[in-house]
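A.B. asks: First the structure, which I've put down as C-alpha cells, then a few questions once you've had a look.
Just so you know, all these numbers are worked out from the coordinates, no wet-lab data involved. Just so it is clear, the structure is predicted and the values come from calculations on it, not from any experiment. Note that each Cβ is placed from the backbone with ideal geometry, even for glycine, and that neighbours are counted across all protein chains shown.
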Amino acid sequence: MSLAPSSLRAWRGPIVHSVADPAEVGLEASYEYFADGLLITEHGRITGLGPAETLLPDLRQDAEVIACPNALITAGFVDTHIHYPQTDMIASYGEQLLDWLNNYTFPAEQRFADSEHAAQTANVFLNELLRNGTTTALVFGTVHAASVDAFFAEAAARDLRMICGKVLMDRNAPEYLLDTAESGYNDSKALIERWHGKGRLHYAVTPRFAPTSSHEQMTLAAKLLHEYPDLYLHTHLSENKKEIEWVQALFPESRHYLDVYDRYQLLSERSVFAHGIHLCDHEYERLAETGSALAFCPTSNLFLGSGLFNLPKAEAHGVNVGLGTDVGAGTSFSILETLNEAYKVMQLQGAKLHPFKSLYLATLGGARALRLDDRIGSLAVGKDADFVVLDSHATPLLAHRMQYATSLEERLFVLMTLGDDRAVRYTVAAGNIVHERDAAPDNRPPKPTSI
Ligand code: GUN
Ligand code: ZN
C-alpha cells in the first residue's frame, strides 16, 4: 500500500465508465469507452480523461505513467449496504433471517464492545473491500460507539470515502446488545461531532430495523436527522416474510412496513433501505416520491432464502437502487460476484440484467443512491480519484474465454460472471494505490500454524 502524498500519475489502458442510467438514456448513451485511454490523477482528484494519443503529448514530464494491458479501468465500486462486524461470522450455516440474527449475528456483534477487537476486524474488513475494488461503502457498525470509532479511524488512515453509523437498538434483542433511546441519541451525536465531514467520512443514523427500536428511539433518530440535515438514514426493510409479520404485529397502526419509517419522517433523499423484497405498490411509490434508495443485495437474499428483489419494478417506479453485498448475510465482498448473482436473480424472474446496467449499478448508480455522484461513481474530471484496474486475464479461464469475446459488452459480462477478487489488479482511492494484487502479501494463503 502506498500512501505517499499523491503525485501526478497517468493510468494507460482500456477505460470504461458509466455516465448515466441505461433506463433513462438507453444502453449506448450510458457509458464512455476509450480503447487506449489515459486517466490522469493529481492531489487525489481526476484531472484528465480521454484517448491516450490526445492527452499524452501534453502530459507533464514528471508524471508517472502506469501501463495497464489486458485491463479495464473503471470507477471504484460502491457497496450500498454492508455490516463490517459480520466479517467475523460470514458463511454461518442453516438459518433464515430471525434465527440467523439470534444464533450467529448478535453473539458476534457483542465482541465489538472491545475497541481492540473492533479495530482488528475493521482492518480485515477494509482490506477485503479494497482487495475487491470497493472504494465506498455504506456500513453498519454495532450498537457500541467504539465499533464506529474503530471503523472510522481505519478508514481515515486510508483516506477512503466511507459512511458508517452506530446501530440503534433498544428492544427485542439480547440485553447485552441494547442501548436506550437516550444513550443511542447521545452516542450517535458524539460520533457525528467526532467524524461526520472529517476527511471523506460521513455518518449514517442507523436504526437496525423497525422491530428493535422503540417509539422513543425512532423519534430521536428523526431528531438527529433534523439537527444535521446532511446525515444518512440507513436501515433494513421488508426482507423476510416472518420479519414482515412481526412488524405488522408490533405496529398495527401502520399501513405497511415502510409506513413505520414514514410515520417517523425517516424517508428522504439520504435514506437507504436494504432489501425491500416484498413491497406493495404504495411502498415503491413512497420510496420514489421521497427520493429514498433501495440496496439490492442478491447474495444475501439467496443465502438467507429471503426472496427475489424486483429490479424492473423498482425501476418502473423510479426508485433509486444501489447494489449491496450485505456481508455477513451476503456471501462475498466482491461486487463482481454480487453482479453475477444479481443476473441470476433477474433470470429467475424472466428479466435480463445488461452488463451496462450492471456497470451502472456497481458504480454511478450506487453513488447516486448515496447522493455522492458529484464526487464518485464515474471517472469525470474533478471527481475523487477512486477507481479500479480490472484484469480481464486474471485467471486461466478468464484469459481463455476473453479470446472469444468480440465486444466491450461481452468482455464486461464475462468479467462480471467469472470475475472476483482475483480480477482486481489495482484499487486506487484519492489517487493512492490502496491495493496492488501482485504486491499484496495478504493474497497468499496464511501459513498453517499446526498440521
Ligand atoms: N435485519 C436486521 N438486522 C439485519 C442484519 O444484520 N442483516 C440482515 N441481512 N438483515 C437484518
Ligand atoms: Zn444488512
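A.B. asks: How high is the FRET efficiency between residue 216 and residue 285 when r is their beta carbon distance and R₀ equals 35 Å, given to the nearest 0.05?
C.D. replies: On the way: r = 29 Å, r/R0 = 0.83.
Step by step, r from the Cβ atoms, then E = 0.75.
A.B. asks: Roughly what angle does helix 241-250 make with the longest principal axis of the chain, taking Cα atoms, 0 to 90 degrees, to the nearest 10?
C.D. replies: Taking Cα atoms only, the helix is inclined about 40 degrees.
A.B. asks: Pairs to check: 242/357; 242/313; 166/357; 357/383; 198/223; 166/242. Give those whose C-alpha atoms are more than 28 Å from each other in this structure.
C.D. replies: Numbers: 242/357 32 Å; 242/313 23 Å; 166/357 32 Å; 357/383 21 Å; 198/223 22 Å; 166/242 25 Å.
In this structure, 242/357; 166/357 exceed 28 Å between Cα atoms.
A.B. asks: Amide H to amide H under 5 Å from residue 435: which residues, 5+ apart in sequence or cross-chain, H placed 1.01 Å off N in plane?
C.D. replies: Amide H neighbours of residue 435, under 5 Å, 5+ apart: 427.
A.B. asks: Take every Cα-Cα pair in region 207-249 and report what % of them are more than 18 Å apart. Before the final figure, lay out the partial values.
C.D. replies: Details: 307 of 903 pairs.
Above the 18 Å cut-off, region 207-249 has 34 percent of its Cα pairs.
A.B. asks: Under 15 Å Cα to Cα from residue 189, which aspartates and glutamates show up? Leave out anything in the same chain fewer than 8 places away.
C.D. replies: Residue 189 reaches 149, 179, 227, 230.
A.B. asks: Moving on to the next point. What whole-number value in cubic angstrom gives the convex hull volume per residue for the C-alpha atoms of region 1-135?
C.D. replies: Working: hull volume 23.7 nm³, N = 135.
Value for region 1-135: 176 Å³ per residue.
A.B. asks: If you wrap a convex hull around the alpha carbons of the chain, what volume per residue comes out, as a whole number of Å³? Intermediate results must be reported in sequence, preceding the final value.
C.D. replies: Numbers: hull volume 65.2 nm³, N = 451.
Taking the convex hull of the Cα positions in the chain, it is 145 Å³ per residue.
A.B. asks: Hey, could you get me the Stokes-Einstein D for region 312-438, Kirkwood radius over alpha-carbon pairs, 4 °C and 1.567 mPa s, rounded to whole µm² s⁻¹?
C.D. replies: On the way: Rh = 15.7 Å.
It diffuses with D of about 83 µm²/s by this estimate.
A.B. asks: Kindly state, to the nearest 0.05, the FRET efficiency for residue 399 paired with residue 228, given R0 = 45 Å and r defined as their beta-carbon distance. Working shown, then result.
C.D. replies: Working: r = 49 Å, r/R0 = 1.10.
Calculated value: 0.35.
A.B. asks: Here's another thing I want to ask about it. Residue by residue through region 181-190, which ³J(HN,Hα) values in whole Hz follow from phi under the Karplus form 6.51 cos²θ - 1.76 cosθ + 1.60 (θ = phi - 60°), with glycine and proline marked x?
C.D. replies: Coupling constants for region 181-190: 3, 6, 5, x, 5, 5, 5, 4, 4, 5 Hz.
A.B. asks: Here's a follow-up. Helix 215-227: angle to the longest alpha-carbon principal axis of the chain, degrees 0 to 90, nearest 10?
C.D. replies: 40
A.B. asks: Convert each backbone phi in region 196-205 into a coupling constant with the Karplus relation 6.51 cos²θ - 1.76 cosθ + 1.60 (shift: θ = phi - 60°), then list the ³J(HN,Hα) values in order as whole Hz, x for Gly and Pro.
C.D. replies: 5, x, 7, x, 10, 9, 9, 10, 10, 5
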